[in-house]
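Everything below concerns the one structure shown next.
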Amino acid sequence: MNNSVSDIEKQTHCAELQLKLLKRDIEELQQGINEKIVISKCDDELLKLQTENSKLKHRLKILQRAIEKYPSNVQYTEMESIQGILTNSFSKAIEEAFPDLTEAPVVISLSGNNVKFGDYQCNSAMPISNLLKQIGKKISPRDVANDILKHLSPHECIEKLEVAGPGFINIYLNRQYGLSRLSTIFSHGVKPPKLEKALRVIVDFSSPNIAKEMHVGHLRSTIIGESISRLFEYLGHDVLRLNHVGDWGTQFGMLIAHLKDRFPDYLEKSPPIEDLQTFYKEAKVHFDNDPEFKKRAYASVVKLQSFEEDHVKAWKMICDVSRKEFQKIYDRLGITVVERGESFYQKHMEEIVKKLSEEEYLIEDEGRKILWGEEPGVGIPMTIVKSDGGFTYDTSDIAAMKHRIQDEKADWIIYVTDAGQATHFQTLFKCSKKIGIVDPEKHRLDHVGFGVVLGEDKKKFKTRSGDTVRLVDLLDEGLRRALDKLKEKDRHTVLTVDELEKAQTSVAYGCIKYSDLSHNHNHEYVFSFDKMLEDKGNTAVYLLYAYTRIKSIARNANFSPEDIKELSKKYSISLEHEKEWKLGKVLLRFPDVLFKITKDLYLHCLCEYVYEIATTFTEFYDACYCIEKDSSGDIVKINHGRILLSEATALVMERCFNILGLNPVEKM
Ligand code: ARG
């Protein structure tokens, strides 16, 4: 269905183009005929021209009829992946031109800032020429490039192609195409290209541990995982966000035993544990110093794991206290995640251990039962059963993998944790393939590991007294610092109390998220409020300001959002000026930027892209008037096409912000 529609679109477009050319030819011919009559009155020539003319008229009629069958103005509904279109077209051409080569590289890239090299480039000619040499054919890269062009079928997005230098193919985008795709922003919203297949994607993120403080590492996982989920949801995948909280370890025996001692009436009255941290520390001291307590603690774990009623109740109480604390952070940062902790998998762990034992995958090792990902002795094994019979973090992950693939029908699972767990996940992935849960042909597994968060002293992020920083305190400090910044810029004198508060939260949480997301996640990063609150460079503050400035253009010309919608029906986005077209082309890249991130999961590329939008907008705005005012400040001229371009820019930025978890405000 989709295919045939886009085929018709293409045919129509080609027919329209041919029609235009024919009309021009006819005009020229007619003119030629007239001139000929006057000048030479040469009958022969005249006759020839007239037959040619009637032939052309005949072809014209056929084409016109063909066009009438289809709606003449095909309405596009979304943007397209230009890189995808070019890659497809060029790989077809390359295949046809060089059928002897089985793996000819198709290299399509952006041309960079120099307009002389076109907008995109195909750099396949050189490597293809080398491959041909290996099979005994000597063809220069320039000739290869020309051969490719001979076989390339035209696509409406291509304006012009040229072979340059030693064999680069420069590709120029067609403005009319750009315009038709950018116009969909007003008719249909900023819509991503249709997916070939929607996947079931599980994102395992945040995942703090009950009764322990959620630390900056978990904050990174939370921020990155939320953005990955938003991206995949936006593209139309079926996303399940899972919070794999640590809620089932041996520490619960200790905590339950301590709860019973401290609040003997816990079954009747909900224990007033305010500070789980302190509660945990007390329990630990007791555990380390009192052998009798230790015994009770161990007994409690066993009872909990066999779901003894009172123990389950006590466990739930403890989890609830933590859960409420975590939720406060999630609410403030706008995080959505479904809790499905290690405890959820208890039954599944029992089952899978049984199965793995029966199938003889488990190997005895000093009382433990272990599972190797490859040959025994290669790499590190997973500990599936401890010597005391208990399960581990590894067991829960193996059980979770099985549940996610078989019951949740995941096509793709993405784990977001600190890079320190890389080996754990690589081993988990290997083991899951080995025992036949995961099929590498069908399932994709990724570990998005991130570097440690450092303090400004480049040491592990800690408070001055050396304690881990509580996230609530961190967010509070963010709010304080954001307000200071806004006041420093005198914003409190222009904004209403409500506007100021909105700007404050937007800046505070926005800058914390953005500084995390804009760094390559593999690298460690320095947490610095001073840096993230700078209003120059690639920071949230700069972008949020840029956005409000863009939004103010239409507002200053007295256009409401409804007016803009109406305007977009009467006028088209202006792409004539070199700087307008430059901005337009950046906006057209939006789908490609997103697709690339789904391949490598590097969200910092999206940050770089929004930043590029903002700076390219500035270039445009410096060169092109949107509104002209006279000396008394009255508007004398409005360039509607440019107002539309500005609004389209703001809409694409909004989309990016949404994926990055930034909440832009209209005034700041
Ligand atoms: N709770 C773990 C931690 O704090 C993270 C869990 C990540 N998810 C997983 N499926 N192992 O380190």
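What does the accessible area per residue of segment 476-569 come to in Å², with a 1.4 Å probe and no ligands, DNA or RNA counted?
Normalised by residue count, the accessible surface of segment 476-569 is 49 Å².
How much accessible area per residue does segment 113-243 have, counting only protein heavy atoms and a probe of 1.4 Å, in square angstrom?
Working: 5310 Å² over 131 residues.
Per-residue accessible area for segment 113-243 comes out at 41 Å².
Tabulate in residue order the Karplus-calculated ³J(HN,Hα) for segment 354-361, using 6.51 cos²θ - 1.76 cosθ + 1.60 with θ = phi - 60°, rounded to whole Hz; enter x for Gly and Pro.
These are the phi-based 3J(HN,Hα) values: 4, 4, 5, 5, 4, 7, 6, 8 Hz.
Please work out how much accessible surface Glu524 shows to a 1.4 Å probe, ignoring ligands, DNA and RNA, in Å² rounded to 10.
Probe radius 1.4 Å; accessible area of Glu524 about 110 Å².
Put His519, His244, His443 in order of accessible area, largest first, 1.4 Å probe: what do you get? Walk me through the numbers before you get to the answer.
Details: His519 75, His244 10, His443 35 Å².
Listed by decreasing accessible area, they come as His519, His443, His244.
Could you please put Tyr621, Tyr345 in sequence from largest to smallest accessible area, using a 1.4 Å probe? Kindly include the intermediate steps, with their values, before the conclusion.
On the way: Tyr621 110, Tyr345 0 Å².
Accessible-area ranking of Tyr621, Tyr345, largest first: Tyr621, Tyr345.
Tell me the carbon and sulfur percent of the accessible area for segment 113-197, rounded to whole percent, probe radius 1.4 Å. The partial results should precede the final answer.
On the way: 2290 of 4350 Å².
Carbon and sulfur atoms account for 53 percent of the accessible area of segment 113-197.
Between Thr598 and Glu268, what length comes free when the chain is fully extended (0.36 nm per residue of separation minus the Cα-Cα distance, one decimal in nm)?
Numbers: separation 330, 0.36 × 330 = 118.80 nm, distance 5.08 nm.
Result: 113.7 nm gained on full extension.
Report the one residue of Val438, Leu479, Ser465 whose Cα lies farthest in the direction of the positive end of the charge dipole of segment 425-481 (charges on C-beta: Lys and Arg +1, Asp and Glu -1; origin at the Cα centre).
Val438
Run the quick spin-label model on Tyr625 and Glu360: label points 7 Å from Cα toward the beta carbon, then report their separation in nm to one decimal.
Between Tyr625 and Glu360, the simple spin-label model gives 8.7 nm.
Whole-Hz ³J(HN,Hα) for each residue in segment 76-93, computed from phi via Karplus 6.51 cos²θ - 1.76 cosθ + 1.60 with θ = phi - 60°, x for glycine and proline: what do you get?
7, 10, 8, 7, 10, 8, 5, 4, x, 4, 5, 4, 4, 4, 6, 5, 4, 4
Which FRET efficiency value, to the nearest 0.05, do you get for Lys489 and Lys460 by plugging their Cβ-Cβ distance into 1/(1 + (r/R0)^6) with R0 = 45 Å?
Working: r = 33 Å, r/R0 = 0.73.
Once the sixth-power term is evaluated, E becomes 0.85.
Please list 274-285, 656-667, 598-609 highest first by mean number of surrounding beta-carbon atoms within 10 Å per residue.
For the peptides 274-285, 656-667, 598-609, the packing ranking is 656-667, 598-609, 274-285.
With every protein chain kept in place and ligands, DNA and RNA left out, what is the accessible area per residue of segment 295-443? Probe 1.4 Å, answer in Å². Can you show the working numbers first?
On the way: 7490 Å² over 149 residues.
Result: 50 Å² of accessible area for each residue.
When the dipole is taken about the Cα centre of the chain, and only Lys, Arg (+1) and Asp, Glu (-1) are charged at their Cβ, what size is it in debye, to the nearest 20? Walk me through the numbers on the way to the answer.
Numbers: 94 positive and 103 negative charges, 240 e Å.
That gives the chain a dipole magnitude of about 1160 debye.
Under the 0.36 nm per residue contour assumption, what length would be gained going from the current alpha-carbon distance of Thr278 and Ala164 to full extension?
Numbers: separation 114, 0.36 × 114 = 41.04 nm, distance 6.99 nm.
Full-extension gain reported as 34.0 nm.
Provide the gained length on full extension for the span Lys442 to Val312, in nm with one decimal, where the gain is 0.36 nm per separating residue minus the Cα-Cα distance. Could you put the intermediate results ahead of the total?
On the way: separation 130, 0.36 × 130 = 46.80 nm, distance 3.82 nm.
Full extension of this stretch gives 43.0 nm more.
Please compute the net charge surrounding Val245, taking Lys and Arg as +1 and Asp and Glu as -1 over other residues with Cβ under 11 Å from its Cβ. Numbers along the way, then the final one.
On the way: positive: Lys212, Arg323, Arg340; negative: Asp204, Asp247, Glu339, Glu342.
Here the charged neighbours net out to -1.
Going through segment 317-368, which GluC sites (Glu not before Pro) have at most 10 other Cβ atoms within 10 Å and a DSSP loop state?
Numbers: sites: Glu325, Glu339, Glu342, Glu350, Glu351, Glu358, Glu359, Glu360, Glu364, Glu366; in loops: Glu359, Glu360, Glu366.
When the GluC sites (Glu not before Pro) of segment 317-368 are filtered for loop state and at most 10 Cβ neighbours within 10 Å, Glu359, Glu360, Glu366 remain.
Taking a probe of 1.4 angstrom, what is the accessible area of Ser111 in Å², to the nearest 10?
Near enough 20 Å² of accessible area.
With r defined as the distance between the Cβ atoms of Lys570 and Leu195 and R0 fixed at 35 Å, what FRET efficiency is calculated, to the nearest 0.05? Could the numbers behind the result be given before it?
Working: r = 33 Å, r/R0 = 0.94.
So, using R0 = 35 Å, E works out to roughly 0.60.
In segment 126-220, what trypsin sites (Lys or Arg not before Pro) fall in a loop by DSSP, with at most 16 other Cβ atoms inside 10 Å? Before the final figure, lay out each step's value.
Numbers: sites: Lys133, Lys137, Lys138, Arg142, Lys150, Lys160, Arg175, Arg181, Lys194, Lys197, Arg200, Lys212, Arg220; in loops: Lys137, Lys138, Lys194, Lys197, Lys212.
Qualifying residues, ordered by number: Lys137, Lys138, Lys194, Lys197, Lys212.
Need one value: the accessible area of Val201 in square angstrom, 1.4 angstrom probe, rounded to the nearest 10.
In the full protein context, Val201 sits at about 0 Å².
Using the structure shown, list the pairs from Lys160/Lys667; Lys281/Lys402; Lys462/Lys536; Lys260/Lys402; Lys191/Lys513 with a Cα-Cα distance above 32 Å, or answer none.
On the way: Lys160/Lys667 42 Å; Lys281/Lys402 35 Å; Lys462/Lys536 27 Å; Lys260/Lys402 36 Å; Lys191/Lys513 24 Å.
Among Lys160/Lys667; Lys281/Lys402; Lys462/Lys536; Lys260/Lys402; Lys191/Lys513, the Cα-Cα distance tops 32 Å for Lys160/Lys667; Lys281/Lys402; Lys260/Lys402.
Once amide H atoms are built 1.01 Å from N in the peptide plane, which residues 5 or more positions from Trp412, or in another chain, come under 5 Å H to H?
Those lying under 5 Å, H to H, from Trp412 are Arg200, Ile202, Arg444.
Collect residues whose amide H, placed 1.01 Å from N in the peptide plane, falls under 5 Å from the amide H of Ser207; neighbours closer than 5 in sequence don't count.
The list, which skips near neighbours in sequence, is His244.
Please identify the chymotrypsin sites (Phe, Trp or Tyr not before Pro) of segment 296-338 that satisfy two criteria: DSSP loop assignment and at most 14 other Cβ atoms within 10 Å. Which are they?
Numbers: sites: Tyr298, Phe307, Trp315, Phe326, Tyr330; in loops: Phe307.
Answer by residue number: Phe307.
In deg cm²/dmol, rounded to 500, what helix-only [θ] at 222 nm does the chain give when every DSSP H run of at least 4 residues adds -39500 (n - 2.57) and the total is split over its residues? Let's see the in-between values first.
On the way: 24 runs with 375 residues, N = 668.
Per the formula, -18500 deg cm²/dmol.
The values are calculated or read from the model by the stated rules, or taken from the named source; none is laboratory data. Here the structure is a predicted model, which means the values were calculated and not measured. All Cβ positions, even for glycine, are placed from backbone atoms using ideal geometry, and neighbour counts span all protein chains on display. Protein only, heavy atoms only, side chains kept; ligands, DNA and RNA dropped before computing areas. Shrake-Rupley method; radii C 1.70, N 1.55, O 1.52, S 1.80 Å.
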